[in-house]
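Colleague: Take a look at the following structure, please.
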Amino acid sequence: MADDLKKGLEGVLVAESELSSIDGDVGRLVYRGYPIEALAEGASYEEVLYLLWHGHLPDERELSSFTEAMVAEREVDDAILETVRRLAEADEEPMAALRTATSMLSATEPEGDANAEDLDASLRKGRRITAKIPTVLAAFERYRQGDEPVDPNPELGLAANFLYMFTGTEPDEIAAETFDQALILHADHGLNASTFTSMVIASTMADVYSAITGGIGALSGPLHGGANQDVMEVLIEIDESDLDPHDWVEQATEEGRRIPGFGHRVYNVKDPRAHILQQRSEELAETGERKWYDITTTIERYLTEEKGLVEKGIAPNVDFYSGSVYYQLGIPIDMYTPIFAMSRAGGWIAHVLEYQDDNRLIRPRARYTGPEDQTFVPLEER
Ligand code: SDX
């Protein structure tokens, strides 16, 4: 029947999950029952990882041993760093470099875990991947700048340590806190395309590295994680044009351009993460360049108030303000989606562990619309 086919699996329920819940009509996101606003305000990314992976917010003792275990896994094998250097010197796209390096990490698994497939081993592998992706990305950027990688600083949390390895200097408190919040906001989001990709791979009982490498591939697309880079490129295009931002976006939409950072498969209203990132972007604008924030809000005002997109259920999503936040933190534009992946690795691993704990191979059907009853003609007669 035509109506049972859901292209893009739109609105199709394929699993039960305790990890995150999205109410697209009111713009609400919770991780294991905690509103994203409370976690962004009061927790660290490490606490959110613990919540997603272990099911409750850690107490002091649990957080300390979890953080210690993550810190101990930050180092990346020299052979992998050598590959990262070659990729950087070959001017490889950062998401492609991350996909390659993440896949290589499996070669440096400790003996005992290498072939272990139990969930505890998968959690240890997930922890290693999540701890090492920041080191891989920072090294890639240092090599691109012609510098040597900066070793991880065990005294710093994951967010601050990434910025330290990435720039070579310890971040100030606002930058560290803003970046930590951004990682929390991007950590999980139900069965988005990249998380579902990881789950499909995990459902064959394949290993965690295969699942996370697949998630990175899915996230790299401009309809998904790649939108934050597109948003910043639009802001720069507007800034470099001689048009007023309002006139630019009016002209762009009249030409039929789809503005990145707007619209979502689930949210019909402004993404709650966009609200939080907008506040952070405005705070950074107060001590930096206002124009990126101002251009972004001008676009939002036009699309919302004059184009009436929000009435059609098309509103700012998480990518709309993350661009101006990362730009004001001095992060290169093509590193925005890799940073999204760095955070979402936590959610991918949580869903892989949860799904494999009550696994069922994911194998949908397609309605065949090709020809029937073809008569075979041998090659010599064709
Ligand atoms: C993320 O799924 C997740 O949870 C993803 C994510 C996460 O945390 O993992 O939230 C992260 O991926 C955010 C989305 C980032 N992508 C973009 O910002 C790219 C721009 N947005 C779109 O291309 C689009 O909105 C999608 C891909 C995000 C959602 O696509 P859908 O659900 O398939 O919707 P659609 O493309 O069919 O659009 C529905 C309508 C269309 O109008 P009609 O043709 O029916 O008249 O909305 C319009 C679209 O034209 N529309 C837009 C628009 N996005 C959709 N119109 C103007 N500008 C836009 N940006």
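The values are calculated or read from the model by the stated rules, or taken from the named source; none is laboratory data. Note that this is a predicted model, so its numbers are computed, not measured. All Cβ positions, glycine included, derive from the backbone under ideal geometry; neighbour counts span all protein chains shown. We work out accessible area using only protein heavy atoms, side chains counted, and drop any ligands, DNA or RNA first. Shrake-Rupley method; radii C 1.70, N 1.55, O 1.52, S 1.80 Å.
Colleague: Enumerate the whole-percent occupancy of each 5 Å bin, from 0 to the last occupied one, for all C-alpha pair distances of the range 60-199.
Modeller: Computed distribution, short to long bins: 2, 9, 16, 20, 22, 18, 10, 3, 0.
Colleague: Related question: Does the range 227-328 come out rounded, prolate or oblate by the C-alpha gyration tensor, with a ≥ b ≥ c the root eigenvalues, rounded set by a/c under 1.5 and, if not, prolate when a/b is larger than b/c and oblate if not?
Modeller: Oblate, because a/c is 1.5 or more while a/b does not exceed b/c.
Colleague: In a Gaussian network model over the chain where Cα atoms closer than 10 Å are linked, find which of SER64, SER103, SER122 has the largest mean-square fluctuation.
Modeller: SER64
Colleague: Mind putting a number on the dipole of the chain about its Cα centre? Charges go on the C-beta only, +1 for Lys and Arg and -1 for Asp and Glu, and I need it in Debye to the nearest 20.
Modeller: In total the dipole reaches around 1060 debye.
Colleague: Answer with one residue from ILE362, THR253, ASN115: the one whose Cα lies farthest towards the positive end of the charge dipole of the chain, charges on Cβ with Lys, Arg +1 and Asp, Glu -1.
Modeller: Selected residue: ILE362.
Colleague: In whole percent, what relative contact order does the range 227-328 give with Cα contacts below 8 Å and a gap of six or more residues?
Modeller: Relative contact order here is 45 percent.
Colleague: Okay, next question. For the range 50-126, what is the per residue volume of the convex hull drawn over the alpha-carbon atoms, in cubic angstrom?
Modeller: 115 Å³
Colleague: Which of these, PRO222, PRO364, PRO94, has the largest mean-square fluctuation under a Gaussian network model of the chain (Cα springs below 10 Å)?
Modeller: PRO364
Colleague: If you roll a 1.4 Å probe over the range 116-219 with all protein chains in place, what percent of the accessible area is carbon or sulfur?
Modeller: Here it works out to 51 percent.
Colleague: What does the charge dipole of the range 180-318 about its Cα centre add up to, to the nearest 20 debye, if the Cβ of each Lys and Arg holds +1 and the Cβ of each Asp and Glu holds -1?
Modeller: 780 debye
Colleague: Another question, if that's okay. If each of ARG258 and ASN359 carries a label point 7 Å out from its Cα toward its Cβ, how far apart are those two points in nm?
Modeller: According to this spin-label approximation, the distance is 3.5 nm.
Colleague: So which trypsin sites (Lys or Arg not before Pro) in the range 1-98 end up in coil per DSSP with only 12 or fewer other C-beta atoms within 10 Å?
Modeller: For trypsin sites (Lys or Arg not before Pro) across the range 1-98 that sit outside H, G, I, E and B with at most 12 neighbouring Cβ atoms in 10 Å, the list reads LYS6.
Colleague: Next question, about the same structure. Roughly how many Å is it from the Cα centre of the range 336-382 to that of the range 162-178, as a whole number?
Modeller: Centre-to-centre (Cα) distance: 38 Å.
Colleague: Beyond a 26 Å Cα-Cα separation, which of these cross-linked pairs lie in this structure: LYS7/LYS125; LYS7/LYS270; LYS6/LYS312; LYS7/LYS312?
Modeller: Check vs 26 Å cut-off fails for LYS7/LYS125.
Colleague: Rounded to whole Å and ordered largest first, report the semi-axes of the equivalent ellipsoid of the chain derived from its Cα gyration tensor (root of 5λ).
Modeller: Semi-axes (√(5λ), whole Å): 31, 30, 22.
Colleague: Calculate, for the chain, the solvent-accessible area per residue in square angstrom, rolling a 1.4 angstrom probe over the heavy atoms of the protein chains.
Modeller: Roughly 48 Å² per residue, with all protein chains present.
Colleague: Top mean-square fluctuation among TYR164, TYR34, TYR45, Gaussian network model of the chain, C-alpha springs under 10 Å?
Modeller: In the Gaussian network model the winner is TYR34.
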